[in-house]
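Novice: Dropping the structure in here first, questions after.
The values are calculated or read from the model by the stated rules, or taken from the named source; none is laboratory data. From a predicted model like this one, the values you see are computed outputs, not experimental measurements. Every residue, glycine among them, receives a Cβ derived from its backbone with ideal geometry; neighbour counts consider all protein chains shown. Surface areas here come from the heavy atoms of the whole protein model, side chains and all, with no ligands, DNA or RNA. Shrake-Rupley method; radii C 1.70, N 1.55, O 1.52, S 1.80 Å.
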Amino acid sequence: MNKDPNLPSSEEKKDAYQNIFESVVDGLIINDLESGLVVEANPAAWLMHGYTREEFIGQLLTICVHPDSQYVFSDSIQEFELDSIFDVQVLDVRRDGSTFFAVWRGTAFTYQGRPCLLGIIRDVSKRMLIEELLSQRVEIRTHEQATLLEISYILASTLELQPGLILDQLRKIIEYAHGGLFALKDSSLVTLAIRGTHQLEQFDPISIPLPTPETLAILFNRHRPIRVADVWSDDPQAKFLRSLLEDRASVLLEGMQSWMWVPLAVRGRIIGGVGVAHDKRDFFTAHHADLALSVANQAAITMINSELYGQAQALAVLEERQRLARNLHDAVNQSLFSAGLIAEVLPRLWDRDQDEARHSLNDLRKLTRGAMAEMRALLAELRPSTLIDSDLGDLLRQLGSAIEARTNLPVDLTVPKELTLPAVVQVAFYRICQEALNNIAKHAKAGKVVMEVRQDDAVVELRIFDDGQGFDVEQKISGHYGLGMMRERAEAAGLLLTITSQPAQGTEIKICWTKTPTHKVFDKEAL
């Protein structure tokens, strides 16, 4: 059979394989398994480890492996001899002692009639460095996101503005040396809080005038942060910053090199800003600006919520004053007016009919006692601690006396002599009873009211009964919120409230409290 002239000769094949062996970019090593010596290697292998070919061939294979990885490497060689699998990552060492991470993979190989390992070595130091940097970046970003979430929760959980808290939370994710939280008031920025040196933090509020609308527009930069790499340079933004932070405000720049300003705005409304400084030049990055803006947006919402909360508090105070004024007019003024009329006619009535005069005297006594009871109830509204410090029986008697004076409706009260309740429970009993008596006076058309407090070991029950016209408890009456308020108060205090009523059969309200270890006897926050 004639040989095909186009096929390579054995010598040509050998040369081709040798060229491939030497051209591979990964290290290739042929290791004699019996002697442990390197019998052949490609240039990538010996150069990777800092040797010449002559220095490398004939060395023990372990010369490539750092002592810290020798144990793992030797185990892998032994496992390879058993199952022909060789795959390990170790720390390799160069001739000059420097190290790099390498992945070794191998296969069984017969070379010159001897069992050998054909090892493939790849330097993975760069890959591992990239993976480490990526892992660090992921860890940093995860920490930042977790911190932002925590900051959001902390700032959202408070209704009262704490300016220092905003700066403290910002410092958790952005390092700074000096910082200030500013509110826009009229045409000036006024510091609400300052962070930095102890002396700086003791400064009185600093006011920075914004003389023109253009100044305001430049400063708030379409609601985007401003970064100044060098506050002492001739950069226009640096000059603008120095022109703003003059006089007392210049203390914020003392010893500082870089500055970042983040505006505070909600729905296009500018309400202030946060300024931070660092003693390193060009310290703040675009990523810092994004983080600061996230905190600033949450801080702006907190400031608006605090403003709304303050307005709501002021409105609540005004409404409470108006309510007390109405009660004073409706109850006390009317009682005193009636008492004045009786006192005015009483001398003439005494001369004409003493029995009738005595009856009028009794009415006068009831009216004055009722007025006093109403005044005590109003004073209790003005001083809520009274509802805790006073005995529950005395409080219920005041409510009963006030209703009697206002409506001539007799109230029969029975209460134990010694009765100690947790503050939150006592306040709830008082408020529910107050609402119940008001409902009776307005709607029940009753002839009498019975209030009875019973105590049995760990159970205290308040029963309020009237013999009025009653109602259908299943029917919801528009505009009547008293029963709903009583249920809410009872639920909040852990009380069981039951209401029993039928048309023409009166109404009975029962409030039951069972003592548990979680209740505290005194708790001022119950008010």
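Novice: Where residues in the stretch 211-240 are aliphatic (A, V, I, L, M) and part of a helix (DSSP H, G or I), which of them is surrounded by the most Cβ atoms within 10 Å (Cβ to Cβ)?
Specialist: Leu219
Novice: Hey, another quick one. Are any of the residues in the stretch 167-182 of a type outside the set (A, V, I, L, M), surrounded by 11 or more Cβ atoms within 10 Å (Cβ to Cβ) and free of Cβ contacts under 8 Å to residues at least 12 places away in the same chain?
Specialist: Looking only at the stretch 167-182, we keep the residues that are of a type outside the set (A, V, I, L, M), and these are 168-169, 171-172, 175-176, 178-180, 182.
Within this subset, residues satisfying the condition of being surrounded by 11 or more Cβ atoms within 10 Å (Cβ to Cβ) are 168-169, 171-172, 175-176, 178-180, 182.
Checking which are free of Cβ contacts under 8 Å to residues at least 12 places away in the same chain leaves us with none.
Checked against the condition, which is being of a type outside the set (A, V, I, L, M), surrounded by 11 or more Cβ atoms within 10 Å (Cβ to Cβ) and free of Cβ contacts under 8 Å to residues at least 12 places away in the same chain, the stretch 167-182 yields no hits at all.
Novice: Restricting attention to the stretch 283-291, does a residue exist that is touching a Gly at 6+ places or on another chain (Cβ under 9 Å), in a helix (DSSP H, G or I), small (Gly, Ala, Ser) and closer than 17 Å to Asp168 by Cα?
Specialist: Looking for residues that are touching a Gly at 6+ places or on another chain (Cβ under 9 Å), in a helix (DSSP H, G or I), small (Gly, Ala, Ser) and closer than 17 Å to Asp168 by Cα, one finds none in the stretch 283-291, hence no.
Novice: Identify the single condition in (1) surrounded by fewer than 16 Cβ atoms within 10 Å (Cβ to Cβ); (2) in a helix (DSSP H, G or I); (3) β-branched (Val, Ile, Thr) that Ile77 does not satisfy, given that it satisfies every other one.
Specialist: Going through (1) surrounded by fewer than 16 Cβ atoms within 10 Å (Cβ to Cβ); (2) in a helix (DSSP H, G or I); (3) β-branched (Val, Ile, Thr) one by one, Ile77 breaks only (1).
Novice: Going through the stretch 337-363 one residue at a time, which ones are at pLDDT below 80 and either of a type in the set (Ser, Thr, Tyr) or not in a helix (DSSP H, G or I) (or both)?
Specialist: Passing the criteria: Ser338, Ser360.
Novice: Taking the residues in the stretch 471-514 that are open to solvent by less than 20 Å² (accessible area, probe 1.4 Å) and of a type outside the set (A, V, I, L, M) as candidates, determine which candidate is farthest from Arg397 (Cα to Cα).
Specialist: Once the filter is applied, the top-ranked residue is Ser501.
Novice: Quick one: in the stretch 32-71, which of the residues that are assigned to a helix (DSSP H, G or I) and hydroxyl-bearing (Ser, Thr, Tyr) is least open to solvent (accessible area, probe 1.4 Å)?
Specialist: Ser69
Novice: Looking for whichever is among the polar types (S, T, N, Q), closer than 30 Å to Glu307 by Cα and modelled with pLDDT under 95 here; the options are Ser243, Ser250. Which one fits? Spell out the reasoning first.
Specialist: Working: Ser243 fails: closer than 30 Å to Glu307 by Cα.
Residue meeting the stated conditions: Ser250.
Novice: From the list Ser187, Ser207, exactly one residue is among the hydroxyl-bearing types (Ser, Thr, Tyr) and at pLDDT 90 or above. Which is it?
Specialist: That would be Ser207, the only listed residue that is among the hydroxyl-bearing types (Ser, Thr, Tyr) and at pLDDT 90 or above.
Novice: While we're on this one: Which of the numbered conditions does Pro384 fail, given that it passes all the others? Conditions: (1) of a type outside the set (Ser, Thr, Tyr); (2) modelled with pLDDT of 85 or more; (3) surrounded by fewer than 16 Cβ atoms within 10 Å (Cβ to Cβ); (4) outside any helix (DSSP H, G or I).
Specialist: Checking Pro384 against (1) of a type outside the set (Ser, Thr, Tyr); (2) modelled with pLDDT of 85 or more; (3) surrounded by fewer than 16 Cβ atoms within 10 Å (Cβ to Cβ); (4) outside any helix (DSSP H, G or I), the one that fails is (2).
Novice: While we're here: Would you check which residues across the stretch 248-282 are in contact (Cβ under 8 Å) with a residue 40 or more places away in the chain, of a type in the set (Lys, Arg) and either part of a strand (DSSP E or B) or closer than 15 Å to Ala238 by Cα (or both) and list them?
Specialist: Arg281
Novice: While we're on this one: When the stretch 120-136 is examined, which residues are found to be more than 14 Å from His66 (Cβ to Cβ) and surrounded by 12 or more Cβ atoms within 10 Å (Cβ to Cβ)?
Specialist: Selection gives Ile120, Arg122, Val124, Arg127, Met128.
Novice: Consider only pairs whose beta carbons are under 7 Å apart and that are at least six residues apart or on different chains; among these, list those whose first residue lies in the stretch 109-122 and is charged (D, E, K, R) and whose second residue is open to solvent by less than 100 Å² (accessible area, probe 1.4 Å).
Specialist: Listed pairs, sorted by first residue: Arg114/Asp32; Arg122/Asp26; Arg122/Ala102; Arg122/Val103.
Novice: Please verify whether the stretch 409-421 includes one or more residues that are over 28 Å from Ser338 (Cβ atoms), buried (at least 16 other Cβ atoms within 10 Å of the Cβ) and over 42 Å from the mean Cα position of the chain (by Cα).
Specialist: Start the filter on the stretch 409-421 by keeping residues that are over 28 Å from Ser338 (Cβ atoms), which leaves 414-421.
With the extra rule that they be buried (at least 16 other Cβ atoms within 10 Å of the Cβ), the set shrinks to 415, 421.
Restricting the remaining residues to those that are over 42 Å from the mean Cα position of the chain (by Cα) gives 415.
Yes, that holds for at least one residue.
Novice: Can I ask one more? Restricting to the stretch 432-447, name every residue that is open to solvent by 30 Å² or more (accessible area, probe 1.4 Å) and within 12 Å of Leu483 (Cα to Cα).
Specialist: Gln434, Glu435, Asn438, Asn439
Novice: Against the condition open to solvent by 10 Å² or more (accessible area, probe 1.4 Å) and modelled with pLDDT of 90 or more, how does Gly255 come out, does it pass? Before you say what the answer is, go through the steps one by one.
Specialist: Numbers: open to solvent by 10 Å² or more (accessible area, probe 1.4 Å): yes; modelled with pLDDT of 90 or more: yes.
So Gly255 passes the test.
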